[in-house]
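The values are calculated or read from the model by the stated rules, or taken from the named source; none is laboratory data. The structure displayed is predicted, hence computed values, not measured ones. Cβ placement follows ideal geometry from the backbone for every residue including glycine, while neighbour counts extend to all protein chains displayed.
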Amino acid sequence: MASTLFTQNIIACIWDFDKTLIPAYMQAPLFRRYGVDEATFWAETNALAENYKRRGYHIAPEISYLNHLLTYVLAGPMAGLNNRILRESGTEIQLYPGLPKFFEQSRAWVKVRPEYAKHEIVLEHYVVSTGLAEMVRGSAIAPFVDGIWACEFIESPLQPGFLRQKEFALDAAAEIAQIGVMIDNTTKTRAIFEINKGTNKNPAIDVNAKVAPEDRRIPLQNMIYIADGPSDVPSFSVVKKGGGKTYAVYNPAVRAEFEQNDRLRHTGRIDHYGPADYTEGSATANWLHLQIEKICDGIVAGRESAVSSRVSRPPRHLNVSPEEEAAQQPKQSTFLE
């Protein structure tokens, strides 16, 4: 008998990280640790593509900062940087107000009403960032999310001939040397489809495989994508076109960020925007609460409709009285309030 892969009773909030969950760039604690001037590092990073172009090289802007970070390690200013230090530095990341408490509070919203509990609706949180995965894993957010997509480094790369070796020496002074995973603003959409299809939960499902809409773990219409600005337009577009919700946040102290989000809404890129304040009762928390409840109601309605359309009425006695006929009628469902 044919059956669907997933019950599609899961909602996903998908979060950008820098300037969405935190007010600055996550690398700031790392630069402080090594005494590197943050403004200089980013100015150099932004100038790399043009300078390399003059030399006849082409470099993708999205990969520039990862390469430049490795150059700082190789050249000495950040010598010894490894994944352990990245994770330790992540503990110093300061979050926006209301975090990480918001993540636990929001999970409770999908359980508060009996019809939500009946259909076992679940809320999951994911971080999809162009930042550094180990720093996110070290942050106070990490215990409250269901998955993290971000850039990763390899320490002590395997050397030529490693397939013929049986044992490898342990290097206590390991440092990052190669890029293992690179997430940019376009490949973020791949992460969204991995969440959509369930690849992150079932490795047997390839993200490029054709999967029918009814077989996807989290339909796009059950998603909310939250980020801070124009760099997330590809992800905003994928989720919004799929029927999901999109929300942009801004630092209340920076008027330019507010204006940027206002333009995004006027051009139809996002559904709404608000301050990056996730405390209970804030405008942003209230909007997200409302949208999550609407998605819950949609799940309940869809599942109740499926039951009524697929389950036939039971047989009844003939020549019964009106009173008996009324008693045999199925009771009206209360799950579409």
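Is it the case that the stretch 45-62 has a residue that's in contact with a Lys or Arg (Cβ under 6 Å, 6 or more places away or on another chain) and not in a loop (DSSP other than H, G, I, E, B)? No, the stretch 45-62 contains no residue that is in contact with a Lys or Arg (Cβ under 6 Å, 6 or more places away or on another chain) and not in a loop (DSSP other than H, G, I, E, B). Would a scan of the stretch 221-240 turn up a residue that is surrounded by fewer than 22 Cβ atoms within 10 Å (Cβ to Cβ) and more than 17 Å from the chain's Cα centre (by Cα)? No. Would you pick out the residues in the stretch 207-235 that are without any contact (Cβ under 8 Å) to a residue 24 or more places away in the chain and either of a type outside the set (A, V, I, L, M, F, W, C) or assigned to a helix (DSSP H, G or I) (or both)? Result: Asn208, Lys210, Pro213.
Checked against (1) closer than 30 Å to Arg303 by Cα; (2) over 13 Å from the mean Cα position of the chain (by Cα); (3) not in a helix (DSSP H, G or I), Ile179 passes all but a single condition, namely (1). Restricting attention to the stretch 99-123, the residues that are crowded, with 20+ Cβ neighbours inside 10 Å and assigned to a strand (DSSP E or B) add up to 1.
Only one entry of Glu257, Glu304 meets the criterion of being of a type in the set (Asp, Glu) and modelled with pLDDT of 95 or more, and that entry is Glu257. None of Glu293, Glu304 is over 21 Å from the mean Cα position of the chain (by Cα), under 26 Å from Ala117 (Cα atoms) and assigned to a helix (DSSP H, G or I) except Glu304. Within the stretch 271-286, can you find the residues that are under 18 Å from the mean Cα position of the chain (by Cα) and assigned to a helix (DSSP H, G or I)? Within the stretch 271-286, Thr284, Ala285 meet the criteria. Each residue in the stretch 41-53 was checked for being at pLDDT 95 or above and either among the acidic types (Asp, Glu) or more than 34 Å from the chain's Cα centre (by Cα) (or both), and 1 of them qualify.
Checked against (1) at pLDDT 95 or above; (2) over 26 Å from the mean Cα position of the chain (by Cα), Leu86 meets all criteria but (2).
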